[in-house]
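The values are calculated or read from the model by the stated rules, or taken from the named source; none is laboratory data. Since this is a predicted model, take the numbers as computed values, not measurements. Quick reminder, even Gly has a Cβ in these numbers, built from the backbone with ideal geometry, and neighbours come from all protein chains shown.
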Amino acid sequence: MLKPYLFVDRAGSKGRGVFTAKRIAAGKVVEISPVIVMSMDDRQYLDKTMLHDYIFEWGENKDKCCMALGLVPIYNHSYKSNCEYFMDYEAETIQVKSVRIIAKDEELTINYNGDWNNATRLWFDAE
């Protein structure tokens, strides 16, 4: 499920990002993305490619990885993100939900650490 008001556009030095063409209320699901689940053996190969930055750890024990479909790979990171994501291991989906009101034309961001307000430094230089 992908909301029709979401769009991809340039996000300055971050490359592309996900934006909204309308105001989004706090607590709204903006996307439910299916994922492709892969083994940790597959991850060894993926980590040697450009996909390294786009895969998620997966499973209760983080013993797998996945590639999200939809727009999930395009959401940029922010330590002050306006969205958070939830993994449904049984349904093999990632859900993106707003954590505050998001203005029309604002970029939607997630915190790559998992929790929307987690300030743990990432593996790359981030805001």
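Table for the structure above
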| item | result |
| --- | --- |
| Selected residue (only one of F19, F7, F86, F56 is free of Cβ contacts under 8 Å to residues at least 12 places away in the same chain, assigned to a strand (DSSP E or B) and within 27 Å of I101 (Cα to Cα)) | F86 |
| Flag if S33 is over 25 Å from S98 (Cα atoms) and at pLDDT 95 or above | no |
| Conditions (1) in a strand (DSSP E or B); (2) on the phi > 0 side of the Ramachandran plot; number of the one not met by M38 | (2) |
| E31 vs. criteria in a strand (DSSP E or B), among the charged types (D, E, K, R) and within 15 Å of E107 (Cβ to Cβ) | yes |
| Residue satisfying condition, being within 14 Å of I24 (Cα to Cα) and surrounded by fewer than 19 Cβ atoms within 10 Å (Cβ to Cβ), within set D88, D105, D63 | D105 |
